[in-house]
Ligand SMILES: C[S@@+](CC[C@H](N)C(=O)[O-])C[C@H]1O[C@@H](n2cnc3c(N)ncnc32)[C@H](O)[C@@H]1O
């Protein structure tokens with residue numbers, strides 16, 4: 001916890017530094033850390049800039065008492081709202097009235113239009129002492145709330161009613177013209193991301209939550225920054241609400257998902273920039289040095305493999321990605337990719353990959369290396385021979401691809417890799433909770449990637465439609 005808090009403290013200081021004077025900070029946290037985090041944000045932003053603690057009820061109830069739960073269900077998260085200074089952008093948000101309130105107060109229905117309305121007092125409280133004018137309306141003389149001209153305008157609009165001759169006239173207030181109830185700090189009307197909204201990202205937030213926050217605390221054209229943007233819910237909300245946006249995430253997986261999400265929104269790829277993804281050999285070396293796992297993920301993704309979810313470190317058993325292809329009468333072919341970001345490569349790596357493709361009964365293997373392969377490595381590849389059941393002619397079983405070659409577009413000999421299948425949106429079959437089912441990227445495929453595989457969004461349209 002201390003390491004996490006120290007990491008966050010540095011970020012709050014930087015966030016305050018880049019925030020404009022009228023900007024705000026929203027910090028979403030779960031209750032195990034919220035009280036510690038508040039102390040740190042108070043220190044960075046100043047306790048007087050604390051505005052609200054929002055309680056976001058993300059689900060209605062945990063029903064696991066029978067599974068032995070011996071504490072209260074955890075159904076809410078905390079969202080802290082801070083301003084940068086004394087003035088901040090603020091657009092009040094409203095929620096619909098409670099139906100009981102509507103029944104009790106808006107009890108009249110206009111027969112011609114079906115519009116619900118209530119009657120409210122037109123008389124001027126305080127009478128003459130408060131400067132209210134006195135005159136007759138529908139034969140009834142009183143001190144009124146409005147000037148005679150304004151009253152006549154209301155009468156002309158049909159907004160003044162007298163229920164019976166001699167009754168004091170009242171003003172019609174239509175329900176559909178009321179903004180609703182001013183939003184309080186208890187948000188129980190937005191549930192966790194579910195169903196079609198889910199992209200399979202474990203910590204995905206609902207779009208409605210981010211839309212509400214962005215609407216309340218920014219105007220069109222202003223900048224929204226999410227420094228832990230995950231699959232980009234903030235980015236999508238900001239884009240839809242015509243704000244400028246910056247999303248930051250340490251994982252390439254998240255960045256790739258966001259790119260696809262934006263594609264789903266028909267946002268032109270040249271209208272935003274992706275910064276920090278290796279674009280050349282030096283960038284690839286830098287990533288390999290900084291984060292071996294991210295390097296593996298990036299290289300496999302670049303090659304077009306289906307990669308394993310990034311959080312599944314060590315779960316790959318020698319497989320960093322899979323490329324599937326139609327192999328004619330032999331069904332679906334599989335190419336296993338293994339990525340090595342170290343400076344020392346050796347023949348044992350080729351032998352290991354050979355063992356993996358034999359164990360998995362895959363057709364081909366590609367070893368991706370940052371450094372040039374040695375002679376014995378190339379010899380070991382050559383000795384693996386060719387795919388025995390190939391619908392695409394002589395295909396080497398094992399090949400080595402260097403990052404330099406990959407970036408220059410000199411790819412190994414591959415069978416035709418299918419373009420993404422354009423599938424129509426279909427109603428989603430609920431199967432395994434809300435885990436989205438990721439399928440192969442071409443139609444008629446017989447094998448599904450294992451549960452937890454990440455399907456390269458460049459091929460997969462279903463992330464943004466629905467899983468079959
Ligand atoms: C809770 S998730 C955010 C989910 C997001 N709100 C959404 O709806 O998708 C946190 C994200 O922070 C990223 N992350 C973790 N440490 C980070 C760091 N030091 N800098 C930037 N991003 C980081 C993780 O990769 C993860 O995607």
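Worth pointing out:
- Take the Cα of residue 220, step 7 Å toward its Cβ, do the same at residue 102, and the gap between the two points is 2.8 nm.
- Here the label points at residue 358 and residue 162, each 7 Å from Cα along the C-beta direction, are separated by 10.2 nm in the simple model.
- With 10 Å bins beginning at zero, the pair-distance distribution over Cα atoms of the stretch 88-207 amounts to 11, 28, 25, 19, 9, 7, 2 %.
- Inter-centroid distance (Cα atoms) of the stretch 15-55 relative to the stretch 217-291, Å: 23
- Residue-normalised convex hull volume from the C-alpha trace of the stretch 247-302: 81 Å³ per residue.
- Stretch gain in nm, segment residue 250-residue 344, where the contour uses 0.36 nm per residue and the Cα spacing is subtracted: 31.2 nm
- In degrees, nearest ten, helix 292-303 long axis to first principal axis of the chain (Cα): 90
- Angle between the chain longest axis and helix 207-217 axis [Cα atoms, degrees, rounded to 10]: 50
- Neighbour counting of Cβ atoms within 10 Å sorts the residues 81, 45, fewest neighbours leading, into 81, 45.
- Ranked packing of 228-234, 367-373, 66-72, 241-247, most packed first, by mean Cβ within 10 Å: 228-234, 367-373, 241-247, 66-72
- Stokes-Einstein translational diffusion, the stretch 190-277 - Kirkwood Rh over all Cα pairs, 1.002 mPa s, 20 °C, in µm²/s: 163
- Most to least packed among 210-217, 266-273 [average Cβ atoms within 10 Å]: 210-217, 266-273
- Each 10 Å bin from zero holds the following percent of Cα-Cα pairs in the chain: 4, 15, 20, 19, 16, 11, 6, 4, 3, 1, 0.
- Spatial separation of Cα centroids for the stretch 111-137 and the stretch 181-212, in angstrom: 41
- Between residue 174 and residue 64, the C-beta separation translates, for a Förster distance of 30 Å, into a calculated FRET efficiency of about 0.05.
- Using 0.36 nm per residue and subtracting the Cα-Cα separation, the extra length available between residue 9 and residue 266 on full extension is 88.9 nm.
- The stretch 1-88: Cα Rg divided by the 2.2 N^0.38 Å rule of thumb: 1.30
- Relative to the longest principal axis of the Cα atoms of the chain, the long axis of helix 2-18 lies at roughly 60 degrees.
- For 392, 252, the sequence from fewest to most other C-beta atoms within 10 Å is 392, 252.
Quick note: the coordinates plus some simple rules give every number you see, no bench work behind them. Just so it is clear, the structure is predicted and the values come from calculations on it, not from any experiment. Please note: Cβ atoms are built from the backbone with ideal geometry, for glycine as well, and neighbour counts cover all protein chains shown.
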